[in-house]
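**Q** Structure provided below as structure tokens; questions to follow.
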Amino acid sequence: MSEHYFEEEEFDSQVNGETVRRILGQGLKHWPFMVTFLVCITAVALIESYFTYLSKRMIDEGILARDLDALRALAIQYGLWFLIFAVFVFGFITAAGYLGHLVQYDLRKQMFDHLQKLPLSYYNRTSEGWLMSRVTSDAVRVGDLVSWGFLDTAWTITSVLTSLGFMFFINWKLTLLVLIMIPALWKVAITFKQRILTEYRRVRKLNSKITGSYSESISGVRVVKSLGREHENLNQFNELTDDMYQASYRAAWLSALFLPAVQLVSASGIAVVVWFSGVQFEAGGMTIGGLQAFISYVTFMLWPIQQMAQVYASMQQAVASGERIFSLLDTEPEIVDAPDAIDPGSIRGDIVFDDVSFHYEDGKPVLENLSLAIPQGETVALVGPTGAGKSTLVNLICRFYEPTSGQILINGFDYTTLTQHAIQSRIGMVLQTPHLFSGTVLDNVRYGRLDATDAEVEEAAKLAGAHDFIARLEHGYQTEVGEGGVLLSVGQKQLISLARAVLAKPDIFIMDEATSSVDTLTEALIQQGMENLMNGRTSFIIAHRLSTIKSADRILVIENGGVSEMGTHAELIRARGHYYNLYTRQFRDERQKVYGLDGAVPVAQ
Ligand code: ADP
């Protein structure tokens with residue numbers, strides 16, 4: 001099961017102040033929106049409280065005093081204030097919406113920019129799912145925090161403060177009584193909200209696991225059936241669904257309990273207030289309008305407080321999202337160009353490995369003391385068992401990784417004195433499972449050189465041997481290849497990548513041959529395309545089918561951290577060493593596959 005099914009992080013109830021500061025910093029970049037929304041939300045909270053005060057005056061000075069003129073004047077005032085109120089509501093919703101989107105957009109852009117700079121090694125150790133979640137859901141959560149999260153906080157604070165202000169004005173003794181209730185309400189609300197969120201998070205995690213388990217057993221159905229593992233699979237699946245049922249049940253139960261619990265606290269508070277205000281009223285310390293307004297203020301103030309519990313709980317999640325985003329943005333590329341690194345234009349393609357050793361992890365050497373000189377234009381084939389270090393050697397040439405010790409020279413330059421762009425932009429690569437971007441065939445070939453004309457693209461496709469199959473596609477060069485090129489076969493994707501490489505006119509060409517079966521016709525086309533591309537260029541082929549590399553200038557057998565044999569096909573066959581064994585075994589296997597014969601030992605050519 002792939003890693004990202006489990007990647008939702010554990011709940012962290014601590015809000016990291018530094019992260020909150022950085023998130024706010026993202027919002028402050030768009031300070032005009034931030035100021036607008038703070039001004040609007042403060043005005044909204046003030047006017048809301050004033051409405052209640054106006055009601056008090058309407059009751060006391062209008063209705064109870066039987067003064068219709070005063071009542072009319074107050075009603076007109078009420079209406080006018082409502083218009084102003086509507087304008088501020090419009091202002092804060094618009095500003096918050098813009099702010100949220102701008103922060104999301106900024107974060108996505110910063111992450112995208114940064115991801116382009118991070119080396120291959122970062123992608124090797126970070127799952128695609130993890131990265132996707134940072135760019136999608138985490139960016140949304142942080143954007144929402146800056147807009148709605150901070151907005152709710154500002155609204156709550158202003159509402160509570162202004163309500164308290166008016167309440168003090170009406171009756172300060174009662175207000176002190178209300179103040180005691182606030183911590184109790186906050187405690188109940190926040191405890192419930194955090195538990196509810198934790199349960200929902202558990203449900204989501206289990207749901208991901210169940211989805212993963214579904215897709216695994218569907219895609220691996222042949223293995224499951226052939227090993228008779230249906231029963232074990234079912235048990236595992238049932239355990240997951242049981243856990244999910246329990247967690248969903250708890251979440252639903254807690255959610256149902258939340259409102260009654262909060263209401264119980266509020267109602268007890270309000271009951272006490274009503275009782276004491278009654279006492280005050282009797283004693284003549286309060287008017288009817290004042291009594292009504294006071295109760296309205298208490299109710300009005302309690303709502304944002306319990307809302308705040310929800311906001312605070314989601315804020316913890318958003319801050320955790322922010323922490324993950326910043327951890328990505330703070331990752332430094334391991335390979336950085338020297339300040340005086342140069343780009344010599346062409347890198348021609350003389351490559352020298354001078355006593356190069358390399359390891360990914362300490363104590364596990366992959367290449368050791370490798371010395372090798374490859375003159376411009378030579379075709380080098382790399383063979384050897386899986387895990388011997390063939391791809392590593394190629395990755396070193398591309399400077400996706402740098403030697404742990406020793407030097408690699410390109411055209412006599414220690415390649416660490418060149419810019420990475422100088423090297424990587426002049427290397428053409430065709431991978432075992434080539435990647436195509438969604439778009440048309442034309443777009444994909446043109447990716448090799450963005451300013452190429454349609455005619456140049458077609459010319460490149462012809463040289464690569466891809467033109468004929470493209471021409472036979474329903475819409476020719478305008479055919480959509482689907483996401484990742486899913487609508488094409490591996491062989492066709494390799495041909496398109498070859499055309500892309502031909503168009504790019506690289507100085508060095510690298511090909512990782514496809515291991516999956518490619519039909520004989522496509523194989524011949526790929527072979528021809530490769531030869532056209534290799535002509536006159538320094539080229540490296542990681543060869544899986546040895547029949548395709550007989551014409552290489554040099555074959556390197558990579559084994560045990562170094563080159564164990566080196567020479568042309570004929571020389572290595574004559575030497576009767578490891579290559580000879582590999583070659584004869586493969587040859588025999590192929591013959592057996594085709595003719596069912598015990599393949600004879602081939603003769604050196
Ligand atoms: P080949 O291409 O010959 O199959 P590789 O160059 O891919 O071999 O791998 C050589 C060795 O390095 C293997 O033992 C492999 O497990 C290890 N290796 C390859 N890539 C990494 C990596 N990113 N991190 C750690 N070890 C790696």
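**Q** About the Cα centre of region 317-394, what is the dipole size in debye to 20, counting +1 per Lys and Arg Cβ and -1 per Asp and Glu Cβ, all else neutral?
**A** 420 debye
**Q** Here is a follow-up. Enter the accessible area per residue of region 486-540 (Å², integer; probe 1.4 Å; all protein chains in place).
**A** I get 38 Å² per residue for this part.
**Q** So, one more: When the Cα centres of region 433-493 and region 40-75 are compared, how far apart do they sit, in Å?
**A** After rounding, the separation between the Cα centres reads 72 Å.
**Q** State the Cα centre-to-centre distance between region 134-153 and region 504-540 in whole Å.
**A** 48 Å
**Q** Follow-up. What is the dipole size for the chain, taken about its Cα centre, with +1 at each Lys and Arg Cβ and -1 at each Asp and Glu Cβ, in debye to the nearest 20?
**A** So the dipole magnitude of the chain works out to roughly 1380 debye.
**Q** As a test of reading the structure, rank H578, H101, H435 by solvent-accessible area (1.4 Å probe, protein chains only), most first.
**A** Accessible-area ranking of H578, H101, H435, largest first: H101, H435, H578.
**Q** Related question: Less than 12 Å Cβ to Cβ from P304, Lys/Arg counted +1 and Asp/Glu -1: what total charge do the surrounding residues give?
**A** After counting each charged neighbour, the total is -2.
**Q** For the pairs K462/K505; K390/K550; K56/K173; K462/K550; K462/K493; K364/K390, flag any whose C-alpha to C-alpha distance is greater than 20 Å.
**A** Pairs exceeding 20 Å: K462/K550.
**Q** Picking from Q494, A65, A381, whose Cα lies most toward the positive end of the charge dipole for the chain (charges on Cβ: Lys, Arg +1; Asp, Glu -1)?
**A** Farthest towards the positive end: A65.
**Q** How far, in degrees from 0 to 90, does helix 31-57 lean away from the longest principal axis of the Cα atoms of the chain, to the nearest 10?
**A** 20 degrees
**Q** Report the label-to-label distance for T211 and S127 in nanometres (one decimal), using points 7 Å from each Cα along the Cα→Cβ vector.
**A** Calculated label separation equals 1.2 nm.
**Q** Let me ask something else about it. So how tilted is helix 150-170 from the main axis of the chain? Cα-based, degrees 0 to 90, rounded to 10.
**A** Around 10 degrees separate the two axes.
**Q** Which of the listed residues, Y123, A95, L83, is farthest toward the dipole's positive end in region 82-138, when Lys, Arg count +1 and Asp, Glu count -1 at the beta-carbon?
**A** Y123
**Q** Now, a different point. I'd like the accessible area for W253: 1.4 Å probe, protein heavy atoms, all chains in place, Å² to the nearest 10.
**A** 150 Å²
**Q** Put T453, T392 in order of accessible area, largest first, 1.4 Å probe: what do you get?
**A** T453, T392
**Q** Could I ask something else about it? Once you order the gyration tensor axes a ≥ b ≥ c over the Cα atoms, which shape class does region 316-466 get: rounded for a/c under 1.5, otherwise prolate or oblate by comparing a/b with b/c?
**A** Taking the square roots of the gyration eigenvalues as a ≥ b ≥ c, region 316-466 is oblate.
**Q** Now, a different point. Let me have the relative contact order for the chain, percent, based on Cα pairs under 8 Å that are six or more residues apart.
**A** RCO, the chain: 14 percent.
**Q** Sticking with this one: By accessible area of protein heavy atoms, probe 1.4 Å, what ranking do L102, L546 get, highest first?
**A** I get L102, L546, largest accessible area first.
**Q** Would you calculate, for the chain, the mean residue ellipticity at 222 nm contributed by helices, counting each DSSP H stretch of 4 or more residues as -39,500 (n - 2.57) and dividing by all residues, to the nearest 500?
**A** Result for the chain, helices only: -20500 deg cm²/dmol.
**Q** Right, another one. Carbon and sulfur: what percent of the chain's accessible surface (1.4 Å probe)?
**A** Percent of accessible area from carbon and sulfur atoms in the chain: 59.
**Q** Rounded to the nearest 0.05, what FRET efficiency is calculated for V336 and Q376 with R0 set to 22 Å and r the Cβ-Cβ distance?
**A** For V336 and Q376, the calculated efficiency is 0.20.
**Q** How much area per residue is accessible in region 180-332 when the probe is 1.4 Å and only protein heavy atoms are counted (Å²)?
**A** I get 54 Å² per residue for region 180-332.
**Q** Right, another one. Using only Cα atoms, tell me the angle between helix 490-504 and the longest principal axis of the chain; keep it within 0 to 90° and round to the nearest 10.
**A** 90 degrees
**Q** Taking square-rooted eigenvalues a ≥ b ≥ c of the alpha carbon gyration tensor, is region 222-320 rounded, prolate or oblate, where a/c under 1.5 means rounded and, failing that, a/b exceeding b/c means prolate?
**A** Note, shape of region 222-320 comes out prolate.
**Q** At R0 = 25 Å, how high is the FRET efficiency between T416 and K109 if r is their beta carbon distance? Nearest 0.05 is fine.
**A** Taking R0 as 25 Å, the efficiency between T416 and K109 is 0.25.
**Q** With a 1.4 Å probe and every protein chain left in place, work out the accessible area per residue of region 376-480 in Å², rounded to a whole number.
**A** 45 Å²
**Q** Then there is this: How high is the FRET efficiency between W303 and S327 when r is their beta carbon distance and R₀ equals 22 Å, given to the nearest 0.05?
**A** 0.05
**Q** Also, I was wondering about something else. Just want the answer: with Cβ charges of +1 for Lys and Arg and -1 for Asp and Glu, which residue in G27, L240, S296 is farthest toward the dipole's positive end in the chain?
**A** S296
**Q** How would you classify region 458-528 from its alpha-carbon gyration tensor, with a ≥ b ≥ c the square roots of the eigenvalues: rounded for a/c under 1.5, else prolate if a/b is greater than b/c, otherwise oblate?
**A** Judged from the Cα gyration tensor, region 458-528 comes out rounded (a/c under 1.5).
**Q** Another question, then. Between F169 and F82, what length comes free when the chain is fully extended (0.36 nm per residue of separation minus the Cα-Cα distance, one decimal in nm)?
**A** Net length gain for the segment: 29.1 nm.
**Q** Taking 7 Å along the Cα-to-C-beta vector as the label spot, tell me the L28-L234 distance in nanometres, rounded to one decimal.
**A** With each label placed 7 Å out from Cα toward Cβ, I get 6.1 nm.
**Q** A follow-up question, please. What does the accessible area of E232 come to, in Å² to the nearest 10, when a probe of 1.4 Å is used?
**A** 90 Å²
**Q** With each pseudo-label sitting 7 Å past Cα toward Cβ, what's the S226-L487 distance in nm, one decimal?
**A** 3.2 nm
The values are calculated or read from the model by the stated rules, or taken from the named source; none is laboratory data. Since we're looking at a predicted model, the values are computed, not measured. Ideal geometry is used to build each Cβ from the backbone, glycine not excepted, and the neighbour counts take in all protein chains shown. Keep in mind that these areas ignore ligands, DNA and RNA; they rest on the heavy atoms of the full protein, side chains included. Shrake-Rupley method; radii C 1.70, N 1.55, O 1.52, S 1.80 Å.
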